[in-house]
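S.K.: Dumping the structure here so I can ask a few things about it.
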Amino acid sequence: MRKLTTAVLAVAATGALAFSLAACSSTSSTTSTSPSASTSSTPTPVASIPALSGVDTEVTVDAGFLAALKTLGLTPGVVGTATLSNAGVLAFPITGGNVKYYDPSQSYRPYVQGSIKHEGSGLSLSAGGTEVDLTNFTIDPGTSKLYGDVSANGASVVKQAFLFDLDGSTLKPLQTGPNNTAILEGTTVHISADAAALLNKTYNTTAVKEGLLVGVAKITVNTK
């Protein structure tokens, strides 16, 4: 695990730090995973990737989230293959999964479906001799949720816990990126009730609130 440097945390305090967690298509975290009742059959997706091979997921961290971590005395860091760039961007490589993207102007919902896996990477939160690692993220864009493994001081606590709610109401249209990539950007990431309860119990506090805004997500995938 590599700690964030003092310089990086200073950048983060101004809202410039970014790290990867998720992107999703739903307009809220409660959107149904079933197709819209007004759609009689499944339409042809605008894009379909049956086997994801990368690239990564990023989230621009909200300054309020960083302030909350500072209040709790928590030091964030990266685990495994997660990286932090000089520009203040944490990236979690995509290691597998699949995705289908439907025309959002049509009635079929959810318009992004599939599973996006990030095995072997994650983030850590350390305070008072206790380190909680959140790793092996799995995004379910259809349910607007992100799951991950949780461990404390190296001991497993729970596998694939519901960690973050994803709100895609500000999601931008699908973009074409360089080198045969596609980009979904604009989803906001929020602490789930489960994650808030777990962190509060671990650090003996009530300061972590459900719905706390973590940041804004961007996901880039290889299309070939």
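The values are calculated or read from the model by the stated rules, or taken from the named source; none is laboratory data. Model, not experiment: these values are computed from the prediction. Heads up, the Cβs are rebuilt from the backbone with ideal geometry, glycines too, and the neighbour counts pull from every protein chain shown. Remember, those area values only see protein heavy atoms, side chains included, never the ligands or the DNA or RNA. Shrake-Rupley method; radii C 1.70, N 1.55, O 1.52, S 1.80 Å.
S.K.: Compute the Kirkwood hydrodynamic radius of segment 144-224, taking the inverse of the mean of 1/r over all pairs of distinct Cα atoms, and give it in Å to one decimal. Display every interim value, and only then the final one.
M.R.: On the way: mean 1/r = 0.0698 Å⁻¹.
In segment 144-224 this quantity evaluates to 14.3 Å.
S.K.: Here is the link list: Lys100/Lys172; Lys70/Lys117; Lys70/Lys145; Lys117/Lys159; Lys117/Lys201. Which ones come out longer than 23 Å on Cα distance? Display every interim value, and only then the final one.
M.R.: Working: Lys100/Lys172 16 Å; Lys70/Lys117 29 Å; Lys70/Lys145 26 Å; Lys117/Lys159 14 Å; Lys117/Lys201 27 Å.
Listed pairs above 23 Å: Lys70/Lys117; Lys70/Lys145; Lys117/Lys201.
S.K.: Can you quote the Å³ per residue value for the convex hull of the Cα atoms in segment 68-224, rounded to an integer? Don't skip to the answer; put the middle values down first.
M.R.: On the way: hull volume 19.3 nm³, N = 157.
Once divided by residue count, the hull of segment 68-224 is 123 Å³.
S.K.: In what sequence, largest accessible area first, do Glu119, Glu131 appear using a 1.4 Å probe? The partial results should precede the final answer.
M.R.: Working: Glu119 85, Glu131 50 Å².
The most accessible residue leads, giving Glu119, Glu131.
S.K.: Rank-order 123-130, 216-223, 41-48 by packing density, defined as the average count of other C-beta atoms within 10 Å over each peptide's residues, highest first. Walk me through the numbers on the way to the answer.
M.R.: On the way: 123-130: 15.5, 216-223: 22.1, 41-48: 12.1.
Packing order, densest peptide first, comes out as 216-223, 123-130, 41-48.
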